[in-house]
Amino acid sequence: MKTVTAASIAFLLSTCGAFAGAGAPVPEKPEGGPPSGRPGAILDDTKCNAVWSMTEREGDALVADKAAPFIVNFEMVDTNKDGKVTEDEFKQGCKNGWVQEQASKAGETGGGQTPDQPTKSDESGSGKTSTEPMEPKPQ
């Protein structure tokens with residue numbers, strides 16, 4: 001009886017690995033597109049031209065440090081990888097959602113059109129407000 005029990009346990013333990021398998025295959029490319037600077041709303045020609053007119057260009061091209069407020073992912077818009085964005089590349093970026101209509105605020109990380117956070121009001125009477133986000137009032 002001990003031999004049968006030992007053989008049964010050995011058989012069950014040896015088959016556990018077969019049932020577990022190796023797991024799901026890893027895709028060659030990350031799913032969901034590029035890992036950062038996700039595209040946003042697609043701008044029509046009128047809005048795209050308006051944004052282009054607000055940019056600070058060097059000659060007829062836009063360089064990376066001047067593009068940051070409007071371009072979500074500079075590398076995706078700079079299709080020829082020359083470090084500059086021409087008007088044609090900019091317009092294609094508008095069609096692909098890589099250009100945003102409003103400039104990001106200075107000092108923000110991650111880009112995007114983040115609305116202002118409400119701040120705590122001056123409850124102490126000091127004339128100063130806090131930069132901490134407001135807590136919702138209990139109801």
Revision key, fill the gap. Taking Lys and Arg as +1 and Asp and Glu as -1, residues besides K95 with C-beta under 10 Å from its C-beta add up to -1
Point to revise | Sorted peptide list for 42-48, 84-90, criterion being average Cβ within 10 angstrom, highest first | key: 84-90, 42-48
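Since every read-out is calculated from the coordinates, none of them should be taken as a lab result. Keep in mind that what you see is a predicted model, and the values were worked out from it rather than measured. Cβ sites come from the backbone with ideal geometry, for glycine too, and all protein chains shown count toward neighbours.
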